[in-house]
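Remarks on the structure that follows.
The values are calculated or read from the model by the stated rules, or taken from the named source; none is laboratory data. These figures come from a predicted structure and were not determined experimentally. We place every Cβ from the backbone using ideal geometry, glycine too, and count neighbours over all the protein chains shown. Accessible surface is based on the protein model in full, side chains and every heavy atom, while ligands, DNA and RNA are left aside. Shrake-Rupley method; radii C 1.70, N 1.55, O 1.52, S 1.80 Å.
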Amino acid sequence: HQRAEIATNDPDQPIVQLSIRGRILPALVASPSEIVLRRVTNSRQHKFSLAVYCYRDVDFRIEDYELLDTKTAKSFQVEIGQRLPGEQITEEPFVRSGYVIHLTMLAGLGPGTIRQKLRLRTNLKDFPTLDIPLEGNIASDISIVGPDFDRDDNVVRVGTIKPDESVRKELFVLVKGPYRDQVQLNVDAIDPEGILQV
């Protein structure tokens, strides 16, 4: 909404007000605009869905897609559904057409931070691509927690110790997932032996 006042030399109407109202629409929108991976474990697959809306009265098509991070691309499956006409998308006003996209993250992806990006290729000349980020943390079914355990570096912080002192730290191993009742923990190796006791 914009308004302008225009001065004139008309003594009966020295000021004329001009009002302009309108709506500026995007060409393409993904909803949600990014996929955030929350509470995701690597022991099972996870499914996500998103919609891509086109606000132009054209024959909009998604022609192809690409996962930009090649290291994790094989851990995702992408399915582009049928093109939806605007009258089927009642919750989004002014939308002319769209697609529903189904994304599956397969089991077995290593734990840690993931930053993937789904790039959609379209037939729109001025918007040939649309990027949708996929970000978050993938947890393992086995994790270690404790008051002095740094999960980012996998390190127990013990601080400064005098030569004639010893220090004791307590850690907890948490086991989740479908095989939690079958997991057994054993001490495999201690390095250096004789100094550390587990």
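The figures follow:
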read-out: Val183 vs. criteria modelled with pLDDT under 90 and either under 30 Å from Ser97 (Cβ atoms) or surrounded by 15 or more Cβ atoms within 10 Å (Cβ to Cβ) (or both); value: no
read-out: The lone exception for Pro178 - which of (1) closer than 16 Å to Pro111 by Cβ; (2) open to solvent by less than 100 Å² (accessible area, probe 1.4 Å); (3) touching a residue at least 60 places away in the same chain (Cβ under 8 Å) it fails; value: (1)
read-out: Candidate set from the stretch 152-198 (those that are among the hydroxyl-bearing types (Ser, Thr, Tyr) and farther than 23 Å from Ser43 by Cα); member that is nearest to the chain's Cα centre (by Cα); value: Thr160
read-out: Condition check for Phe94: out of contact with any Cys (no Cβ under 6 Å at 6 or more places or on another chain), open to solvent by 50 Å² or more (accessible area, probe 1.4 Å) and either modelled with pLDDT under 95 or hydrophobic (A, V, I, L, M, F, W, C) (or both); value: yes
read-out: Where Lys71 falls short, out of the listed (1) more than 15 Å from the chain's Cα centre (by Cα); (2) in contact (Cβ under 8 Å) with a residue 40 or more places away in the chain; (3) not in a strand (DSSP E or B); value: (2)
read-out: Per-region count, the stretch 82-104, residues touching a residue at least 60 places away in the same chain (Cβ under 8 Å) and in a strand (DSSP E or B); value: 1
read-out: Matching entry among Val78, Val40 (being over 14 Å from the mean Cα position of the chain (by Cα) and not basic (Lys, Arg)); value: Val78
read-out: Filtered residue count, the stretch 105-144, keeping only those that are on the phi > 0 side of the Ramachandran plot and either under 17 Å from the mean Cα position of the chain (by Cα) or part of a strand (DSSP E or B) (or both); value: 2
read-out: The stretch 1-57, residues that are β-branched (Val, Ile, Thr), assigned to a strand (DSSP E or B) and open to solvent by 60 Å² or more (accessible area, probe 1.4 Å); value: Ile6, Ile15, Ile20, Val36
read-out: Any chance Glu79 is open to solvent by 70 Å² or more (accessible area, probe 1.4 Å) and in a helix (DSSP H, G or I); value: no
read-out: Number of positions in the stretch 113-143 that are open to solvent by 70 Å² or more (accessible area, probe 1.4 Å), modelled with pLDDT under 95 and in contact with a Leu (Cβ under 9 Å, 6 or more places away or on another chain); value: 5
read-out: Residue among Ile161, Ile190 that alone is open to solvent by less than 60 Å² (accessible area, probe 1.4 Å), part of a loop (DSSP other than H, G, I, E, B), farther than 26 Å from Ala73 by Cβ and without any contact (Cβ under 8 Å) to a residue 24 or more places away in the chain; value: Ile190
read-out: Selection count, the stretch 34-68, where residues are free of Cβ contacts under 8 Å to residues at least 40 places away in the same chain and in contact with a His (Cβ under 6 Å, 6 or more places away or on another chain); value: 0
